[in-house]
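I have placed the structure first, in the form of structure tokens, so that the comments after it can refer back to it.
The values are calculated or read from the model by the stated rules, or taken from the named source; none is laboratory data. Computed from a predicted model, the values in this text were never measured in an experiment. No Cβ is skipped: glycine too gets one built from the backbone with ideal geometry, and neighbour counts run over all protein chains shown. Just the protein is used for accessible areas: all its heavy atoms, side chains included, with ligands, DNA and RNA removed. Shrake-Rupley method; radii C 1.70, N 1.55, O 1.52, S 1.80 Å.
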Number of protein chains: 2
Amino acid sequence: MKYIDKLRNSGLRPTKQRLQICKVLFDTKKTFHFTINDLAKKIKKQINDNISLATIYNTIHAFEKKGYLKQIPINSNETYFDTNISDHHHFYDLKEERLIDLENSDVGPINIKKKINGKKIKSVEVLVKLED
Amino acid sequence: MKYIDKLRNSGLRPTKQRLQICKVLFDTKKTFHFTINDLAKKIKKQINDNISLATIYNTIHAFEKKGYLKQIPINSNETYFDTNISDHHHFYDLKEERLIDLENSDVGPINIKKKINGKKIKSVEVLVKLED
DNA sequence: CACTTATTTAGAATCATTATAAAGTATTCC
DNA sequence: GGAATACTTTATAATGATTCTAAATAAGTG
């Protein structure tokens with residue numbers, strides 16, 4: 001029922017589909033990275049039920065807007081999301097096309113000295129590209 | 001003739017189209033960010049000649065592979081490129097969907113403490129998202 | 001339960017990017 | 001210079017992720 005409350009509290013109706021997606025995304029101790037395509041496969045495997053692709057897109061975007069997911073800035077034809085919404089960074093292994101978490105403690109503090117008038121910093125994200 | 005040599009030296013034939021694209025990209029003191037669509041418009045305006053979109057894609061990818069351009073990691077439906085290939089970072093103004101350079105001196109040194117076995121760091125890129 | 005509003009859905013539409021394959025151009029070697 | 005070869009360009013088609021549409025369904029409210 002924790003997901004029912006979570007959804008209700010953010011103004012999202014707790015539908016069967018959203019609850020199933022919550023389960024796949026958040027019913028695990030480990031956080032993970034995924035694309036919509038990854039997620040669709042995972043859903044198909046874990047729940048014995050079909051959720052329309054459009055619904056997966058809608059839900060992921062709603063969750064991202066509510067702050068339950070983060071997009072990872074990376075150049076790829078697919079959009080990557082992260083269930084780890086804490087302030088942290090990523091390695092990207094160019095050869096294996098794989099994202100690896102960098103804990104905040106793995107990166108020294110980042111000091112942005114420049115200011116832009118009337119703008120606030122919303123996030124600071126570091127992408128470290130790896131090669132062999 | 002500098003572009004002819006530049007291209008030849010990297011194993012690319014100096015074709016008319018590539019030279020024209022070089023002119024648009026590199027014949028200016030200022031570096032800039034662009035998408036393929038931006039660039040196509042710029043080419044149309046600056047040279048009175050048509051270059052096929054396929055050629056623009058081919059050329060930009062060739063230039064990126066040779067290190068004359070960098071892709072900017074950002075979530076957008078279009079790929080952003082940068083003629084500034086030096087080690088530097090970006091602000092991204094979410095509202096105006098605009099990229100702004102952060103000189104290396106605007107960002108304190110970034111210390112990546114974690115190591116991945118057998119992998120070398122190729123680049124470290126910081127994206128600072130701005131909101132109002 | 002009736003009513004309003006949000007959500008789901010299949011399929012179509014969109015749009016950036018990549019593939020194709022034929023015509024054109026640069027390079028090489030004589 | 002003039003083949004022969006290899007690389008490029010090009011228009012167009014294909015691909016593939018994402019978004020749109022509009023009808024059907026489900027949730028919230030009184």
B:Lys113 being among the basic types (Lys, Arg), surrounded by fewer than 18 Cβ atoms within 10 Å (Cβ to Cβ) and more than 14 Å from DNA strand C (Cβ to nearest atom): yes
Considering region A:20-37 alone, what residues qualify as being touching a strand residue (DSSP E or B) at 6+ places or on another chain (Cβ under 9 Å) and within 14 Å of DNA strand D (Cβ to nearest atom)? A:His33, A:Phe34, A:Thr35, A:Ile36
Qualifying residues in region A:44-67 (those that are open to solvent by less than 50 Å² (accessible area, probe 1.4 Å) and within 14 Å of DNA strand D (Cβ to nearest atom)) - the one nearest to the other protein chains (Cβ to nearest Cβ): A:Ile60
Just to be sure I understand, how many residues within region A:68-108 are within 16 Å of DNA strand C (Cβ to nearest atom) and open to solvent by less than 30 Å² (accessible area, probe 1.4 Å)? 3
Which numbered condition A:Lys122 fails, given (1) surrounded by fewer than 16 Cβ atoms within 10 Å (Cβ to Cβ); (2) at the interface with chain B (Cβ under 10 Å from one of its Cβ atoms); (3) part of a loop (DSSP other than H, G, I, E, B): (3)
When you check B:Phe26 against the structure, is it more than 27 Å from A:Leu130 (Cβ to Cβ) and aromatic (Phe, Trp, Tyr), yes or no? yes
Going by the conditions given, is B:Glu78 farther than 26 Å from B:Lys6 by Cβ, more than 10 Å from chain A (Cβ to nearest Cβ) and at pLDDT below 90? no
Hits in region A:20-43 (condition: open to solvent by 50 Å² or more (accessible area, probe 1.4 Å) and not charged (D, E, K, R)): A:Thr28, A:Thr31, A:Asn37
